[in-house]
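Participant: Sharing a structure here in structure tokens format.
The values are calculated or read from the model by the stated rules, or taken from the named source; none is laboratory data. Since the model is a prediction, treat every value here as computed from it, not as a measurement. Quick reminder, even Gly has a Cβ in these numbers, built from the backbone with ideal geometry, and neighbours come from all protein chains shown. The area values use the complete protein model at the heavy-atom level, side chains included, leaving out ligands, DNA and RNA. Shrake-Rupley method; radii C 1.70, N 1.55, O 1.52, S 1.80 Å.
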Protein chains: 4
Amino acid sequence: MTTIKLPLEDVQAYPDHRGIALQMVGVSQVQMPLVILQKDGLKQHVAAKIRLSVDLAKEEKGTHLSRFIIQLNESSKNNDVLSIKLESFLQETRQRLGSQAAQIKMEFPFFYDKKSPVSDFFAKMAYNCAFEAKLLPTDQTQIFMSLEAPIATLCPCSKQISDYGAHNQRALIRVKLFLASQTEQQMVWIEDVIEALDQAASCPVYPILKRADEKYVTEKAYDTPKFVEDVIRDVIGILRDQKGVDGFEVEVEALESIHAHNAWAYHTESMPVV
Amino acid sequence: MTTIKLPLEDVQAYPDHRGIALQMVGVSQVQMPLVILQKDGLKQHVAAKIRLSVDLAKEEKGTHLSRFIIQLNESSKNNDVLSIKLESFLQETRQRLGSQAAQIKMEFPFFYDKKSPVSDFFAKMAYNCAFEAKLLPTDQTQIFMSLEAPIATLCPCSKQISDYGAHNQRALIRVKLFLASQTEQQMVWIEDVIEALDQAASCPVYPILKRADEKYVTEKAYDTPKFVEDVIRDVIGILRDQKGVDGFEVEVEALESIHAHNAWAYHTESMPVV
Amino acid sequence: MTTIKLPLEDVQAYPDHRGIALQMVGVSQVQMPLVILQKDGLKQHVAAKIRLSVDLAKEEKGTHLSRFIIQLNESSKNNDVLSIKLESFLQETRQRLGSQAAQIKMEFPFFYDKKSPVSDFFAKMAYNCAFEAKLLPTDQTQIFMSLEAPIATLCPCSKQISDYGAHNQRALIRVKLFLASQTEQQMVWIEDVIEALDQAASCPVYPILKRADEKYVTEKAYDTPKFVEDVIRDVIGILRDQKGVDGFEVEVEALESIHAHNAWAYHTESMPVV
Amino acid sequence: MTTIKLPLEDVQAYPDHRGIALQMVGVSQVQMPLVILQKDGLKQHVAAKIRLSVDLAKEEKGTHLSRFIIQLNESSKNNDVLSIKLESFLQETRQRLGSQAAQIKMEFPFFYDKKSPVSDFFAKMAYNCAFEAKLLPTDQTQIFMSLEAPIATLCPCSKQISDYGAHNQRALIRVKLFLASQTEQQMVWIEDVIEALDQAASCPVYPILKRADEKYVTEKAYDTPKFVEDVIRDVIGILRDQKGVDGFEVEVEALESIHAHNAWAYHTESMPVV
């Protein structure tokens, strides 16, 4: 049987002689229930996949991985509203690990209550979201929000050249937003981003559609034909004007109903280099 | 603009002339927050992916997909403890859809509070779970619980032939349990299955391990070498004896640390044919 | 440094005292280039993911995993046309491992040369395929072919109730076919299954579509509205009549362009129980 | 039936009035068989997933997606050795589409013949690879090679504090290399990168291991304990010295055998900003 001769050596604290400082060392694929603040002030419990890391000085052999899980678990247990305290969370990570920098990425499905366009049925619809934050050695914090929004696109070419009908399909808008000035006073809310992106669609998608709704979305998409090029241009226009968004990446991918491959577009502006 | 001339035709209710009755028709990849009952009596909110379906008589052209989402959303909104009322949920599905049979599958990460073996740190660890239920035309209900449990395996051959050390790796035990007699009085709990499967490992895995724990799990695995063949045989022995488990499938997959491929074993006993 | 004292013990050959015979033990997620026979007689080199296994007698502790890879690698190196010699391959596996039964599953993308409907452009389109074979202790061999075919579906309800347009989307037909009598004389070819399943679509999908093709597929889909229920019924009709297909499972999943979730249907007939 | 009134309008060529130029527009998830040059001069046929795109001027509404597939299919049919002619391929894309810039990403499993360390058995092992190339409006071409290499890591802490044994696991090294000066005269070969990364492991992984090999790899890993921090530092040292590598990203992820989550490290140097 195992015998423990205390103190056990701290191998991570050994010196390292390669002279190579590392930018990010930590844990990935950690699953933990976390709390996100909704725009309406309510709290949403989400099942998150988390990556938490720090930088490592060139003199140190390793970092202490259990400390990351302990901090995440405390935050989970205390129902900390992590989405609005990423900066102080990372300051604590840096302190616990004795590092200069700290980084977190948390991905989760966010449930948004969406109303059908004619029949007014509400139901929950999941959006893949992520928050990412980097506390730099300069004490500056960079915050990013990512969102994947399913929408419908209807092909302008197909509509124009066909005697009737037009091919349409589910498409995905993926944005990563740089929120340089995210504060409790001036928040960019997930709900606002969802609603903004829906404006760029041929038609939004919905969890519940009764027949009157289905007629509405069919005709709305036919009246609003868009290539992925159109969708991404409209998203770019929206994001350039969005208060609180200081840079962005955007990708639109349409699961073409006439092909087994996808139509795709990508654009980025004003993202921080480091 | 769209104009709605009521009543809109119910195309799904049209007759069908192919004479082919269908076993399962419905919705898949629906995401919805649901409530699961823990063994300690508390309720756990989970983010589920759901498939909900009914059979379709040979005379009917289609089923009404919006009714599935409406029922799921009502259940979500009412915080119904779905894990213990699958049978009544499906009876209602069958009634709403006017069908003879109904089927549900809900997959979700379940968070289990796990204690480190020496330092007694508690933290949440996620297990991929699923409940599946089938309400047959005979009014009989079949209930299945699935669980994927990460464990460690240490290779008996490597230990035996090497002067020191032994290769070990993360492995996954996947079980699907037929719970013919699942009732509120005699429940098979997710927590009990997790603890039973950990018995079949070279060593369980944990969310938090301090140094004293790491020494313990290293030596425990070395003292308990197991092939995937050993793990699956021990799981089979456990499941044959498990009260409330009336049939099972089990699969063990070891992410070999010496290969890019996996070691794999599969066995099934007493599962219902339909 | 390592020293090898020959002979090294064969731990797998140790006796086992639990008295539990196992149905399938082997390797999974093995990647290997393999050769598949096309209908036109040419050979297609595919990148396969393979699971290869045998049964294990209750007296034996383990099986010898390296022998599986050695056999697969020999077959790969010799450019064996594995798709038409699954039975003899498994007989050899059984002999090499000293088992009663053997099973193989190989999944790969199969490239099919598909012609655009109007402009007659040919291009390769990938279909996810699998062959599975089981050599039973009775010496009987069961062979299964699986295929996932992307198609387009156009909603009959949406077309009927809307003044113009109709929502349509990419959908996936997945079949698993039991080929009891697959012989070199009477083969069921992947190419024939692809062409048969395309008959069940609102419209097939294509790798290359010029404008004249796009007009054609748009109008063809509008002229051929189908629910997943319609598609699966037409597939069932086709498979019941398909010479050489002795049982089947079929699943149709439509990536609805009006929802973030899918429409889904499933049906199975005459599949072997063991 | 469909009637074609030629000429069909070219909707993509319509003017756009939003004044937004786009960086990348094209097709994604295209599957196509392609040819890669091996270091030994032989050609390897691979099953690739491809993203091919161009920039779009602010005056143009859309790009012509079928032209991408036609070019890819011609290249596939001609057995072009795409891995060494990415630059000329993109120049042609740019010409066909009338754009200023063009970009390609092609991901594929590359089969590498790997010899077991003692018994000298050769067998194929798959490595996930990607080539990415960007032809800039300046006519400069940037080429990147990505590789995911499975290896084994053995924990130095576990070895040090335990009386016997040490936990070890499969880990993944992922590199993205900037090959500014990739030419036929001075190539960075996939095979060389595989062999270089294996130097950073506690022990490489192999497709075939007989008992003498298994003893060797077990003891070799025990003799070479490494944290993810050690592996990534050794990779950084190797890449800094690698002729032809002008910048890199590297990520190491260890599928910890004592946890359900992973240990993770990331570092980047000298990658181009655009």
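Participant: Given the structure, is D:V30 touching a helix residue (DSSP H, G or I) at 6+ places or on another chain (Cβ under 9 Å) and either over 22 Å from D:L97 (Cα atoms) or of a type in the set (G, A, S) (or both)?
Facilitator: no
Participant: May I ask you to list the residues in the stretch A:167-220 that are within 21 Å of C:T218 (Cα to Cα), of a type in the set (D, E, K, R) and in a strand (DSSP E or B)?
Facilitator: A:R170
Participant: Is at least one residue of the stretch C:135-149 under 17 Å from C:E256 (Cα atoms) and touching a residue at least 24 places away in the same chain (Cβ under 8 Å)?
Facilitator: yes
Participant: Among the residues of the stretch A:177-226, what is the count of those that are more than 11 Å from chain C (Cβ to nearest Cβ), more than 18 Å from the chain's Cα centre (by Cα), open to solvent by 20 Å² or more (accessible area, probe 1.4 Å) and not polar (S, T, N, Q)?
Facilitator: Count: 2.
Participant: Of (1) charged (D, E, K, R); (2) facing another protein chain (nearest Cβ under 10 Å); (3) in a helix (DSSP H, G or I), A:E256 satisfies all except one. Which?
Facilitator: (3)
Participant: If you don't mind, another one. Can you name the residue in the stretch D:251-274 that is open to solvent by 20 Å² or more (accessible area, probe 1.4 Å) and among the aliphatic types (A, V, I, L, M) and, of all such residues, is farthest from D:G237 (Cα to Cα)?
Facilitator: D:A260
Conditions tested, residue by residue: (1) within 22 Å of B:S146 (Cα to Cα); (2) charged (D, E, K, R).
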site	(1), (2)
B:C203	yes, no
B:L209	no, no
B:K226	no, yes
B:D246	yes, yes
B:V250	yes, no
B:S257	no, no
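Participant: Could you check, for the stretch B:57-69, whether at least one of its residues is out of contact with any Ser or Thr (no Cβ under 6 Å at 6 or more places or on another chain), assigned to a strand (DSSP E or B) and at negative phi?
Facilitator: Taking every residue of the stretch B:57-69 in turn, at least one turns out to be out of contact with any Ser or Thr (no Cβ under 6 Å at 6 or more places or on another chain), assigned to a strand (DSSP E or B) and at negative phi.
Participant: Filtering the stretch D:95-132 down to residues that are touching a residue at least 60 places away in the same chain (Cβ under 8 Å) and of a type in the set (A, V, I, L, M), which residue is nearest to D:V217 (Cα to Cα)?
Facilitator: So, considering only residues that are touching a residue at least 60 places away in the same chain (Cβ under 8 Å) and of a type in the set (A, V, I, L, M), the one nearest to D:V217 (Cα to Cα) is D:V118.
Participant: Also, quick follow-up: What residue, among those in the stretch A:16-40 that are part of a strand (DSSP E or B), open to solvent by less than 20 Å² (accessible area, probe 1.4 Å) and more than 14 Å from chain B (Cβ to nearest Cβ), is farthest from B:K124 (Cα to Cα)?
Facilitator: My answer is A:L22.
Participant: So which of A:K43, A:K49 is open to solvent by 70 Å² or more (accessible area, probe 1.4 Å) and without any contact (Cβ under 8 Å) to a residue 40 or more places away in the chain?
Facilitator: Criteria check complete, one pass: A:K43.
Participant: OK, next. Would you pick out the residues in the stretch C:164-176 that are open to solvent by 20 Å² or more (accessible area, probe 1.4 Å) and either away from every other protein chain (no Cβ under 12 Å) or within 15 Å of C:I238 (Cα to Cα) (or both)?
Facilitator: C:R174, C:K176
Participant: Would you call B:G237 more than 10 Å from every other protein chain (Cβ to nearest Cβ) and either open to solvent by less than 10 Å² (accessible area, probe 1.4 Å) or within 20 Å of B:L179 (Cα to Cα) (or both)?
Facilitator: no
Participant: A further question on this structure: Here are some residues: B:V231, B:V175, B:V217, B:V188. Which one is in contact with a Cys (Cβ under 6 Å, 6 or more places away or on another chain) and more than 19 Å from D:K215 (Cα to Cα)?
Facilitator: B:V217
Participant: A follow-up question, please. Return yes or no: is D:K49 closer than 30 Å to D:K215 by Cα, among the basic types (K, R) and in contact with a strand residue (DSSP E or B) (Cβ under 7 Å, 6 or more places away or on another chain)?
Facilitator: Against the criterion (closer than 30 Å to D:K215 by Cα, among the basic types (K, R) and in contact with a strand residue (DSSP E or B) (Cβ under 7 Å, 6 or more places away or on another chain)), D:K49 does not qualify.
Participant: Identify, by number, the condition in (1) farther than 22 Å from C:A101 by Cβ; (2) touching a strand residue (DSSP E or B) at 6+ places or on another chain (Cβ under 7 Å) that B:G165 doesn't meet.
Facilitator: Failing condition for B:G165: (2).
Participant: Right, another one. Just checking, how many residues over the stretch C:152-166 are free of Cβ contacts under 8 Å to residues at least 12 places away in the same chain, in a loop (DSSP other than H, G, I, E, B) and not acidic (D, E)?
Facilitator: Summing the residues that are free of Cβ contacts under 8 Å to residues at least 12 places away in the same chain, in a loop (DSSP other than H, G, I, E, B) and not acidic (D, E) in the stretch C:152-166 gives 3.
Participant: For residues in the stretch B:5-15 being within 7 Å of chain C (Cβ to nearest Cβ) and touching a residue at least 24 places away in the same chain (Cβ under 8 Å), which is farthest from C:S158 (Cα to Cα)?
Facilitator: Ranking the candidates gives B:Q12 first.
Participant: Answer yes or no: is there a residue in the stretch A:71-78 that is over 18 Å from the mean Cα position of the chain (by Cα), under 30 Å from A:P207 (Cα atoms), surrounded by fewer than 23 Cβ atoms within 10 Å (Cβ to Cβ) and more than 14 Å from chain B (Cβ to nearest Cβ).
Facilitator: No: zero hits.
Participant: Look at the stretch D:9-34 and say how many of its residues are in contact with a Ser or Thr (Cβ under 8 Å, 6 or more places away or on another chain) and aliphatic (A, V, I, L, M).
Facilitator: 5
Participant: Contact list please: Cβ distance under 6 Å, first residue in the stretch A:233-249 and under 13 Å from A:V193 (Cα atoms), second residue at pLDDT 95 or above and in a helix (DSSP H, G or I), pairs at least six apart or on different chains.
Facilitator: A:I238/A:A196; A:V245/A:L239; A:F248/A:L239
Participant: Conditions first: (1) part of a loop (DSSP other than H, G, I, E, B); (2) more than 23 Å from the chain's Cα centre (by Cα); (3) farther than 25 Å from B:I70 by Cβ. A:R96 passes all but one, so which condition is the exception?
Facilitator: That leaves (1) as the condition not met.
Participant: May I pose another question? Taking the condition more than 13 Å from every other protein chain (Cβ to nearest Cβ) and either part of a strand (DSSP E or B) or buried (at least 16 other Cβ atoms within 10 Å of the Cβ) (or both), does B:S83 pass?
Facilitator: yes
Participant: Given the criteria under 17 Å from B:I50 (Cα atoms) and either assigned to a strand (DSSP E or B) or open to solvent by 10 Å² or more (accessible area, probe 1.4 Å) (or both), does B:F110 qualify?
Facilitator: yes
Participant: Report the residue count in the stretch A:113-160 for those that are within 14 Å of chain B (Cβ to nearest Cβ), more than 30 Å from D:K61 (Cβ to Cβ), surrounded by fewer than 20 Cβ atoms within 10 Å (Cβ to Cβ) and not basic (K, R).
Facilitator: The total comes to 6.
Participant: Right, something else. Looking only at the stretch B:52-70, filter to residues that are closer than 12 Å to B:V30 by Cβ and of a type in the set (S, T, Y); which one of those is surrounded by the most Cβ atoms within 10 Å (Cβ to Cβ)?
Facilitator: B:S53
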